[in-house]
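Everything below concerns the one structure shown next.
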Amino acid sequence: RWGEIGEYMRLELKMMLRNKICKASLRTITILVLVFSALLSFTDVYDGAFMTSFLLSYNFIVVGILFLSTIMSYEGNYIDGLMARRESIYALLRAKYYFNTAVLIFPFLIVLPLIITGRSSLWMNLGYLFLTAGVMYPLVFQMSVYNNNTLPLNQKLTGKQGNMMQNIVSFVALGLPILLEKLLVLVLGDVWGYVALIVVGCIGIATHRLWLRNIYERFMARRYANMDGFRASRNS
């Protein structure tokens, strides 16, 4: 029904819900998001403007950090099949973006009690949602060019997975939204600061095909080195 993009979106959903490692990670993250949101909504444990911003940033970007900082690493298990068709990687990248952007509706719904209890505003939540989809995702998606280490789908992860670049990108993706929010709110005020976040995010969303195409072309320029890395780490 949705063509090649739909097939890759279905593949993404299967990867998260059927494979042991991905399913366990997603379950853990969901529990953490629910617990933090409940504590922030109904207790004074994390009361304060900074903690509200931090937990909102965490709730929206954590799934992206978990699965997109290692983007293409799980696909390294079957990268040869993906490379067999022209522009299949570009279709996969678009599917990953659409899928992970759609997933953002769940943290938005989870943090609705913050709006009801007055701990956060609707503008603030919309600002983080659009900023994540339009600015943070393009940042984290850059890792698809450089990741060349295959991660197992059903085996326990060991300490050798991950690298310094992934850690740096994850740290920036978690902290940059807070910095941008505080800066824009300081300069423009509460409402207009969040409106600016929404506008910036919408620009990134509207131009997603351009920056995804750029990522795809850079990936293809490195494809032989990346495939060698995927194969070597897969067989090690």
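The values are calculated or read from the model by the stated rules, or taken from the named source; none is laboratory data. Values in this document were obtained by computation on a predicted structure and should not be read as measured data. As a convention, Cβ positions derive from the backbone with ideal geometry for all residues, glycine included, and neighbour counts pool all protein chains shown. What goes into the accessible areas is simple: the full protein's heavy atoms, side chains included, and nothing from ligands, DNA or RNA. Shrake-Rupley method; radii C 1.70, N 1.55, O 1.52, S 1.80 Å.
What is the residue count in region 13-22 for residues that are more than 21 Å from PHE108 (Cα to Cα) and either surrounded by 12 or more Cβ atoms within 10 Å (Cβ to Cβ) or of a type in the set (S, T, N, Q) (or both)?
5
Enumerate the helices (runs of 4 or more DSSP H) found wholly within region 140-232, keeping only those where 2 or more residues are in contact (Cβ under 8 Å) with a residue 12 or more places away in the chain, open to solvent by 30 Å² or more (accessible area, probe 1.4 Å) and more than 22 Å from LEU93 (Cβ to Cβ).
164-188, 190-206
Among the residues of region 39-55, which ones are closer than 17 Å to VAL172 by Cα and out of contact with any Leu (no Cβ under 8 Å at 6 or more places or on another chain)?
PHE50, SER53, PHE54
Those residues that are at pLDDT below 90 and among the hydroxyl-bearing types (Ser, Thr, Tyr), I need them from region 216-232; list them, please.
TYR224
Looking at region 79-94 only, could you name the residues that are open to solvent by 10 Å² or more (accessible area, probe 1.4 Å) and either modelled with pLDDT of 85 or more or of a type in the set (A, V, I, L, M) (or both)?
Within region 79-94, LEU82, MET83, ALA84, TYR90, ARG94 meet the criteria.
Name the one entry in LEU184, LEU153 that is farther than 16 Å from SER69 by Cβ and at pLDDT 90 or above.
Step by step, each of LEU184, LEU153 is checked, and only LEU184 is farther than 16 Å from SER69 by Cβ and at pLDDT 90 or above.
Within region 27-76, can you find the residues that are surrounded by fewer than 19 Cβ atoms within 10 Å (Cβ to Cβ), charged (D, E, K, R) and in contact with a helix residue (DSSP H, G or I) (Cβ under 9 Å, 6 or more places away or on another chain)?
Result: ASP47, single match.
When only residues in region 95-118 that are at pLDDT below 90 and crowded, with 20+ Cβ neighbours inside 10 Å count, which is farthest from LEU212 (Cα to Cα)?
In this case the residue turns out to be LEU114.
Mind checking which helices (runs of 4 or more DSSP H) fall wholly inside region 1-93 and carry at least 3 residues that are under 20 Å from ASN147 (Cβ atoms) and among the hydrophobic types (A, V, I, L, M, F, W, C)?
3-18, 20-42, 49-68
LEU66 fails exactly one of the following numbered conditions: (1) touching a residue at least 40 places away in the same chain (Cβ under 8 Å); (2) more than 29 Å from MET165 (Cβ to Cβ). What is the number of that condition?
(2)
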